[in-house]
Amino acid sequence: MSKREREPLFSTKNVKLLTEPLGRNNPITVQVLGICSALAITVKLKPALVMAVSVVFVIAISSVVIAALRKQIPERIRIIVQLVVIASLVILVDQVLKAYAFDVSKQLSVFVGLIITNCIIMGRLEGFAMANRPWKAFLDGLGNGAGYGLILVIVAFFRELLGSGTLMDYPVMEKLGAYSIGYEDNGMMILPPMALIVVGLIIWVHRSRDKSLVEKH
Amino acid sequence: MKQFSNTYIFIFSTVMVIIVATLLSLAATLLQPLQSRNLEIEKKRSMLESIGVPADKRDAEELYAKYVKESFVLDHNGEEIPGIDAFSVVVRNEQKKPLEKQYLPVFSALPDDGEKVIIIPVEGKGLWGPIWGYVSLRSDMSTIYGVTFDHKSETPGLGAEINTADFEDMFRGKRIYDGDKFISIGVIKGGTTPDNPHGVDAISGGTITSKALEEMLSDCLIRYDGFLLRNRN
């Protein structure tokens with residue numbers, strides 16, 4: 001193993017680790033993981049962005065830690081070790097948010113803590129980081145976190161724009177003069193079911209553009 | 001993957017726990033001052049919200065100094081206890097003490113419409129965690145001027161709705177006294193009649209939180225009974 005030829009840092013294979021989860025192997029739209037938090041915190045763009053950044057941070061760092069320790073971690077307690085690493089990082093994120101972004105941390109409330117149970121993270125640690133080098137695990141974590149974040153931001157964009165008429169709390173619809181010609185915000189967009197429908201629409205668009213994702217029956 | 005001995009597993013977990021514990025307690029200690037400052041600003045912001053003054057984290061301290069004129073601490077008979085800073089009294093800790101030893105903070109404020117109001121902090125247990133808020137009363141010590149509520153972890157979309165303006169606005173103008181009799185405010189499932197001066201609509205799907213809020217109000221406000229009756233005009 002040690003005699004193997006060194007791969008360049010950004011070989012095609014490595015770049016694929018980063019880009020696949022953004023499209024063809026997206027954790028939300030293709031693997032349908034992490035839906036719960038995607039429904040809960042996508043009412044406004046800002047908390048969705050913070051959530052996305054937090055998840056990317058947690059998943060990338062924990063992937064590196066687990067991959068670096070993969071030969072030292074006793075197999076029998078590996079799930080516990082993975083959880084300890086994830087949980088510590090999540091607590092760190094939570095503490096930092098409380099200190100520097102209090103409003104957002106209030107909006108995200110329990111969902112920061114629930115990053116611990118985000119199945120995307122556990123899935124990547126168990127499925128990838130335990131069997132790969134730190135650099136690859138880092139890219140894989142980054143890619144999957146970003147793939148999750150991307151969908152979160154897209155969903156939040158439509159929900160905030162159509163539901164509250166704002167983007168990042170900036171009153172877009174009002175500035176466009178939409179209300180004066182009789183436009184009204186759609187209250188349905190604020191409710192969780194619409195998040196599911198928006199995710200569904202994204203999956204539909206995604207599959208109609210990439211036929212290889214459609215199951216053959 | 002090779003098999004590890006039990007001793008190795010024990011040592012591994014011990015070392016891991018020590019490293020993680022050190023790291024986390026270090027982070028918690030370092031960030032503590034910033035966090036408590038945020039909480040302080042948040043407290044001032046909520047108090048201002050209960051008297052209808054919108055504030056954000058930048059101007060909360062300034063507006064608080066402008067609107068909240070004085071504060072004092074009462075005992076359970078409504079007598080003032082001198083020498084204690086009302087702002088630093090933590091209601092949650094007071095509620096653990098026997099009633100005779102509790103400090104009851106009161107804040108007095110002067111909103112723009114010129115009527116002197118008092119602000120009373122309330123705190124109770126919701127469905128999943130603590131709920132709290134501020135109730136401001138007009139100078140008759142019975143009519144509600146405004147309220148603000150918040151919660152730690154009530155169910156989003158259901159119990160968590162207690163901190164929305166739609167819910168809080170219903171309290172305005174309700175009365176906690178009927179003559180000299182303390183009634184408090186009922187949070188009524190299925191909706192109240194519009195002419196009921198002592199009731200507001202409960203949140204559908206948030207029955208336990210609604211009930212908890214009702215309990216919190218009557219439980220906290222009745223402690224001020226003596227003070228409120230004596231100072232009405």
Between 0 and 90°, nearest 10: helix B:207-221 axis offset from chain B longest Cα axis: 60
Compute the long axis of helix A:45-68 from its Cα atoms, compare it with the longest principal axis of the Cα atoms of chain A, and write down the angle in degrees, 0 to 90, nearest 10. 0
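When each pair of different Cα atoms in chain B is counted once in the 1/r mean, what is the Kirkwood radius in angstroms, to one decimal?
Numbers: mean 1/r = 0.0509 Å⁻¹.
Every distinct Cα pair counted, the radius reaches 19.7 Å.
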Cross-link partners of B:Lys69 among aspartates and glutamates (Cα-Cα below 14 Å; sequence separation of 8 or more within a chain): B:Glu61, B:Asp85, B:Asp112, B:Glu115
Share of alpha-carbon pairs per 10 Å distance bin for region B:1-74, given as whole %: 16, 25, 17, 14, 12, 10, 5, 0
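Give me the extension gain from B:Arg58 to B:Arg232: residue separation times 0.36 nm, minus the current Cα-Cα distance, reported in nm with one decimal. Spell out each step's value before the answer.
Values: separation 174, 0.36 × 174 = 62.64 nm, distance 3.48 nm.
Roughly 59.2 nm would be gained on extension.
Taking the highest mean first, how do the peptides B:107-114, A:100-107 order by number of other beta carbon atoms within 10 angstrom per residue?
Details: B:107-114: 14.5, A:100-107: 16.8.
Packing proxy ranking, top to bottom: A:100-107, B:107-114.
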Roughly how many nanometres apart are two label points built 7 Å out from the Cα toward the Cβ at A:Ile80 and B:Lys66? 5.7
Net charge of neighbours whose Cβ lies under 9 Å from the Cβ of B:Leu104, counting Lys and Arg as +1 and Asp and Glu as -1: -1
By counting other Cβ atoms within 10 Å of each Cβ, how are B:Trp132, A:Trp204, A:Trp135 ranked from fewest to most? A:Trp204, A:Trp135, B:Trp132
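Using only alpha carbons, build the gyration tensor for region A:148-217 and give me the equivalent ellipsoid semi-axes, biggest first, whole Å. Spell out each step's value before the answer.
Numbers: eigenvalues 172, 28, 26 Å².
For region A:148-217, the ellipsoid semi-axes come out as 29, 12, 11 Å.
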Efficiency of FRET from Cβ geometry, B:Ser88 and A:Asp185, R₀ 41 Å, rounded to 0.05: 0.45
Which one, B:Pro121, B:Pro54, B:Pro98, has the greatest fluctuation when you compute a Gaussian network model over chain B with C-alpha springs under 10 angstrom? B:Pro98
Filtered GluC sites (Glu not before Pro), region B:107-216: DSSP coil and at most 15 other beta carbons within 10 Å: B:Glu115
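Using the alpha carbon gyration tensor of region A:1-132, what are the three equivalent-ellipsoid semi-axes (square root of 5 times each eigenvalue), largest first, in whole Å?
Details: eigenvalues 156, 68, 37 Å².
Square roots of five times the eigenvalues give 28, 18, 14 Å.
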Roughly how far apart, in whole Å, are the Cα centres of region A:124-152 and region A:20-63? 12
Please compute the net charge surrounding B:His198, taking Lys and Arg as +1 and Asp and Glu as -1 over other residues with Cβ under 9 Å from its Cβ. +1
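Pull out a ≥ b ≥ c, the square roots of the eigenvalues of the alpha-carbon gyration tensor of region B:128-231, then state rounded if a/c is under 1.5, prolate if not and a/b is larger than b/c, and oblate in the remaining case.
Details: a/c = 2.02, a/b = 1.58, b/c = 1.27.
Verdict is prolate for region B:128-231.
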Using only Cα atoms, tell me the angle between helix A:134-163 and the longest principal axis of chain A; keep it within 0 to 90° and round to the nearest 10. 10
Computed on Cα atoms, Rg of region A:34-207 relative to 2.2 N^0.38 Å comes out at 1.17
Once the Cα gyration tensor of region B:48-157 is diagonalised, semi-axes √(5λ) in Å: 22, 21, 13
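Can you flag which of A:Lys98/B:Lys96; A:Lys16/A:Lys98; B:Lys101/B:Lys189; A:Lys46/B:Lys97 are past 30 Å Cα-Cα? Mind showing how you got there, number by number?
Working: A:Lys98/B:Lys96 26 Å; A:Lys16/A:Lys98 35 Å; B:Lys101/B:Lys189 35 Å; A:Lys46/B:Lys97 41 Å.
Long pairs (Cα-Cα over 30 Å): A:Lys16/A:Lys98; B:Lys101/B:Lys189; A:Lys46/B:Lys97.
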How high is the relative contact order of chain B, in percent, counting Cα pairs under 8 Å that sit 6 or more residues apart? 15
Which net charge results for the neighbourhood of B:Phe12, defined as the other residues with beta-carbon distances under 11 angstrom from its beta-carbon, given Lys and Arg at +1 and Asp and Glu at -1? +2
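Please find the FRET efficiency linking B:Ser13 to A:Thr117, where r is the Cβ-Cβ separation and R0 is fixed at 22 Å, and quote it to the nearest 0.05. Don't skip to the answer; put the middle values down first.
Details: r = 21 Å, r/R0 = 0.97.
FRET efficiency, B:Ser13 to A:Thr117: 0.55.
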With bins 10 Å wide starting at 0, give me the P(r) of region A:77-152 over every alpha carbon pair, in whole percents. 18, 45, 31, 6
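From Cα pairs below 8 angstrom and at least 6 apart in sequence, can you work out the relative contact order of chain A, rounded to a whole percent?
On the way: 264 pairs, mean separation 72.8, N = 217.
In percent, rounded to a whole number, it is 34.
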Taking every Cα atom in region B:101-180, find the radius of gyration and the maximum pairwise distance Dmax, and write them in Å. 13.9, 39
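Quick note: the coordinates plus some simple rules give every number you see, no bench work behind them. Quantities reported herein were computed from a predicted structural model and do not represent experimental measurements. Positions of Cβ are generated from backbone atoms using ideal geometry, with glycine treated the same way; all protein chains shown enter the neighbour counts.
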